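**Q** Attaching a single structure in structure tokens format; questions to follow.
No lab work stands behind these numbers, since they all come straight from the coordinates. Given the structure is predicted, the values throughout are model-derived calculations rather than measurements. Using ideal geometry, Cβ is built from the backbone for each residue, glycine included, and neighbour counts are taken over all protein chains shown.
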Amino acid sequence: MRVMVTGGAGFIGSHIVDLLVERGCRVLVVDNLSAGREDNLNPGAEFSDLDVCSRRIIPLVNKFKPEAVIHQAAQVSVPRSVESPFNDARVNILGTVNLLEACRLAGVRKMIYASSAAVYGEPEYLPVDEKHRLRPLSGYGLSKYTGERYLELYRQMYGLRYTVLRYANVYGPRQDARGEGGVVAKFIDRLQKGKPPLVFGDGRQTRDFVYVRDVAGANLAALSQGDDQVLNVGTGEPTGINKLAELLKDIAGCRGKVEYAPRRRGEIVHSCLANQRIKRHLSWQPRWNLEQGLKETYEAASKR
Ligand SMILES: NC(=O)c1ccc[n+]([C@@H]2O[C@H](COP(=O)([O-])OP(=O)(O)OC[C@H]3O[C@@H](n4cnc5c(N)ncnc54)[C@H](O)[C@@H]3O)[C@@H](O)[C@H]2O)c1
């Protein structure tokens, strides 16, 4: 099978590419390396250093003729989407439209799209299922949601199939601790510098941590199942930030006390995604529990 992966030099995209290459797919990565790293690129995949907003994507897709496109490339930072909404909308909305046009013109069968729990906004109940009201609280949440609607439109107008995957908090090897890196990457970064985790707020906030290889597995399952579905990708299990800090301290053998800083404004307190639909439509379920995933992540970070 021929598959194009945008953002395949990034954290999640590179794990998807690894699985595809392992399964014998022919893979083309499109990434402008704005956040991704060359050393994340799988040598078994072809690579094009290109912005998803570039019109050159049209001849590229037409030449490669993928059966499916897995779209991970994005402006991924919530604060940056607030500081610079134009750039967020350019990459996340226009980049997606550009790619959809390229898919339509090349006769691609399906697009799998990385969306986010950010499309829901403040949860009205937990765990949040796919029927929950959509009220994004940032440019990022809105741009991801707009991308979803374009996928639906292209299905209606041109028959291009899709699966939307709304990720919870993804963690695992290769996540960048700088900038908007997730809390797991940031805690590990501090532990490796000999410092205990730094928690914003009282640490009682909860998140749904899903391991990156499980997320990659969901993308691969969507190649052959889940057509025209919108599916949460999460564990359905909330984890407190204090518990996360303690687990990582144990793994790292850190004896220092967790440090606290004032709560960040606008931060959602509890977030957790229901996963019944993805279980049903993709026969998917998380295979890594948090302790295993954290250990693997810590070990991988130690080797880097
Ligand atoms: N990490 C999470 O917890 C999480 C949660 C929800 C949704 N997501 C979504 O998953 C996807 C992957 O996120 P990630 O965490 O791997 O981030 P990442 O920054 O590691 O990966 C994004 C990749 O896209 C590339 N990219 C960015 N802009 C581009 C452009 N204009 N043209 C071509 N390439 C471009 C970057 O260089 C990078 O390699 C994103 O769409 C993100 O919105 C991530």
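**Q** Going residue by residue through segment 123-138, is there one that turns out to be within 12 Å of the ligand (Cβ to nearest atom), surrounded by 18 or more Cβ atoms within 10 Å (Cβ to Cβ) and within 15 Å of the chain's Cα centre (by Cα)?
**A** Scanning segment 123-138, I find no residue that is within 12 Å of the ligand (Cβ to nearest atom), surrounded by 18 or more Cβ atoms within 10 Å (Cβ to Cβ) and within 15 Å of the chain's Cα centre (by Cα), so the answer is no.
**Q** Additional query: Any residue in segment 35-45 that is under 19 Å from residue 74 (Cβ atoms) and touching a Lys or Arg at 6+ places or on another chain (Cβ under 7 Å)?
**A** Checked against the condition, which is being under 19 Å from residue 74 (Cβ atoms) and touching a Lys or Arg at 6+ places or on another chain (Cβ under 7 Å), segment 35-45 yields at least one hit.
**Q** Next question, about the same structure. For segment 20-36, how many residues are surrounded by 14 or more Cβ atoms within 10 Å (Cβ to Cβ) and either away from the ligand (no atom under 13 Å from the Cβ) or in contact (Cβ under 8 Å) with a residue 60 or more places away in the chain (or both)?
**A** Selection size over segment 20-36: 6.
**Q** I've got another one for you. Here are the criteria: (1) part of a helix (DSSP H, G or I); (2) over 30 Å from residue 1 (Cβ atoms); (3) of a type in the set (D, E, K, R). Tell me which single one residue 131 does not satisfy.
**A** (1)
**Q** Is it the case, given these coordinates, that residue 171 is under 15 Å from the mean Cα position of the chain (by Cα), buried (at least 22 other Cβ atoms within 10 Å of the Cβ), within 13 Å of the ligand (Cβ to nearest atom) and not polar (S, T, N, Q)? Give the steps one after another, and end with the answer.
**A** On the way: under 15 Å from the mean Cα position of the chain (by Cα): yes; buried (at least 22 other Cβ atoms within 10 Å of the Cβ): yes; within 13 Å of the ligand (Cβ to nearest atom): yes; not polar (S, T, N, Q): yes.
Against the criterion (under 15 Å from the mean Cα position of the chain (by Cα), buried (at least 22 other Cβ atoms within 10 Å of the Cβ), within 13 Å of the ligand (Cβ to nearest atom) and not polar (S, T, N, Q)), residue 171 qualifies.
**Q** Take segment 37-64 and flag every residue that is part of a loop (DSSP other than H, G, I, E, B) and in contact (Cβ under 8 Å) with a residue 12 or more places away in the chain. Don't jump to the end; show me each part of the working.
**A** Applying the first criterion (part of a loop (DSSP other than H, G, I, E, B)) to segment 37-64 yields 37, 41-45, 50-56.
Answer for segment 37-64, where residues must be part of a loop (DSSP other than H, G, I, E, B) and in contact (Cβ under 8 Å) with a residue 12 or more places away in the chain: 37, 41, 42, 44, 45, 50, 51, 52, 53, 54, 55.
**Q** Please specify each residue of segment 182-233 satisfying the condition of being more than 16 Å from the ligand (Cβ to nearest atom) and assigned to a helix (DSSP H, G or I). Lay out the reasoning, then the answer.
**A** Kept after step one, since they are more than 16 Å from the ligand (Cβ to nearest atom), are these residues of segment 182-233: 190-204, 221, 223-229.
Across segment 182-233, the qualifying residues are 190, 191, 192, 221.
Yes/no per residue for (1) buried (at least 18 other Cβ atoms within 10 Å of the Cβ); (2) part of a loop (DSSP other than H, G, I, E, B); (3) in contact with a Pro (Cβ under 8 Å, 6 or more places away or on another chain):
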site	(1), (2), (3)
243	no, no, no
247	yes, no, no
255	no, yes, no
264	no, yes, no
267	no, yes, no
285	no, yes, no
298	yes, no, no
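**Q** In addition: In this structure, is residue 207 within 19 Å of the chain's Cα centre (by Cα) and either of a type in the set (Asp, Glu) or more than 29 Å from residue 66 (Cβ to Cβ) (or both)?
**A** On the way: within 19 Å of the chain's Cα centre (by Cα): yes; either of a type in the set (Asp, Glu) or more than 29 Å from residue 66 (Cβ to Cβ) (or both): yes.
Yes.
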